[in-house]
1. Could you list, in sequence order, the residues of the range 52-70 that are under 13 Å from TYR189 (Cα atoms) and open to solvent by less than 50 Å² (accessible area, probe 1.4 Å)?
2. Take the conditions under 19 Å from LEU46 (Cα atoms) and open to solvent by less than 30 Å² (accessible area, probe 1.4 Å) and apply them to LEU168. Does it pass?
3. Determine, yes or no, whether TYR189 is among the hydroxyl-bearing types (Ser, Thr, Tyr), at pLDDT below 90 and open to solvent by less than 60 Å² (accessible area, probe 1.4 Å).
4. Do we find that LEU128 is out of contact with any Leu (no Cβ under 6 Å at 6 or more places or on another chain), at pLDDT below 85, more than 24 Å from ALA246 (Cα to Cα) and surrounded by fewer than 16 Cβ atoms within 10 Å (Cβ to Cβ) in this structure?
5. Does the range 12-21 include one or more residues that are assigned to a helix (DSSP H, G or I), at pLDDT below 65 and of a type in the set (Gly, Ala, Ser)?
6. Within the range 22-58, how many residues turn out to be part of a helix (DSSP H, G or I) and at pLDDT below 85?
Amino acid sequence: MTQDAAGGPTTHNDDDQSVQQAAQTAEQDRPEARLAKAVGAAEHALIEFEIAVETFRVEVENFSRLHHQKLGPMYARLDELDAQIAEARAARSGDPEDLRKAQEARALVLPMPGVDELFHDWMDSEGLSPEAAAMLTDQPVQAPKRVRPSEEARKLYRELARKAHPDLAQDETERARRDEFIARVNAAYGLGDAAKLKELAEEWAAGPTPAAPRPSEREELYARLEWLAQRKELLTVVARELEESAIGAMLRMAPDDPDRLLEEIAEQLLAQVAEREAELAALVQ
């Protein structure tokens, strides 16, 4: 213990703490340190943005699938009724213009390659499937298959995306490894496969996380910021396209209850089917 100028005691530990605090302050004041902090904040913001975009993409994809499964047969039925109505009018009038319209209407409902896959077993090359016909006559049918990730799957996906996101890589080798891993994570999430996501979480926890050398700290940090800005611009374009798509617009109309929106549209389509059937019946009497 020693005496300071005022006669008070001082210790070597106090001196060491002062030196350490001064060193920490100097380190924080370095331009590279401030730049590194900005890069870290930008990385975090970009990852959160990308998670949000990917989550919305999966929601749009799943809602689109459900939309085709539930409403596709009704649209097909409306097209068929329009063709029959046009053909009945042409048969009555014999007018060339009516005949042309009838041919155009019939062309819209001709079998197309891949129609079975498009309507997910609701319609085949022979017309409406029994399930679709039952639905149009208000008979009970099996609910269409839906893929909607559970809360557990959403939580696992977010954790994996934050830990293994390619944007956190510091070299191309590590980025390639993360790209391949995240692709499998996205595939499992798209299927709502929580069990597979758990396996992937264990795989990542056991995997290597090599640190890459930084040849030039300042140049690398500036390059990193530029890349992050470019990546955000690309994601912004993707997000805008999703939001402006027909399915995206529908989801934004009813974000809390999209199923109810489908039910409302189905009710409207059923009403249109009934109107067309009545019109056709009047023409063929």
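The values are calculated or read from the model by the stated rules, or taken from the named source; none is laboratory data. Bear in mind that the values here come from a model prediction, so they are computed numbers and not experimental data. Methodologically, a virtual Cβ is constructed for each residue, glycine included, from the backbone with ideal geometry; neighbour enumeration extends over all protein chains shown. Accessible surface areas use protein heavy atoms only, side chains included; no ligands, DNA or RNA. Shrake-Rupley method; radii C 1.70, N 1.55, O 1.52, S 1.80 Å.
1. Within the range 52-70, the first condition is being under 13 Å from TYR189 (Cα atoms), and the residues that meet it are 54-59, 61-62.
The answer is GLU54, THR55, PHE56, VAL58, ASN62.
2. On the way: under 19 Å from LEU46 (Cα atoms): yes; open to solvent by less than 30 Å² (accessible area, probe 1.4 Å): no.
No.
3. Details: among the hydroxyl-bearing types (Ser, Thr, Tyr): yes; at pLDDT below 90: yes; open to solvent by less than 60 Å² (accessible area, probe 1.4 Å): yes.
In short, yes.
4. Details: out of contact with any Leu (no Cβ under 6 Å at 6 or more places or on another chain): yes; at pLDDT below 85: yes; more than 24 Å from ALA246 (Cα to Cα): yes; surrounded by fewer than 16 Cβ atoms within 10 Å (Cβ to Cβ): no.
The answer is no for LEU128.
5. Scanning the range 12-21 turns up at least one residue that is assigned to a helix (DSSP H, G or I), at pLDDT below 65 and of a type in the set (Gly, Ala, Ser).
6. So the first thing to find is which residues in the range 22-58 are part of a helix (DSSP H, G or I), and the list is 22-29, 31-58.
Adding the requirement that they be at pLDDT below 85 leaves 22-29, 31-32.
Total satisfying the criteria: 10.
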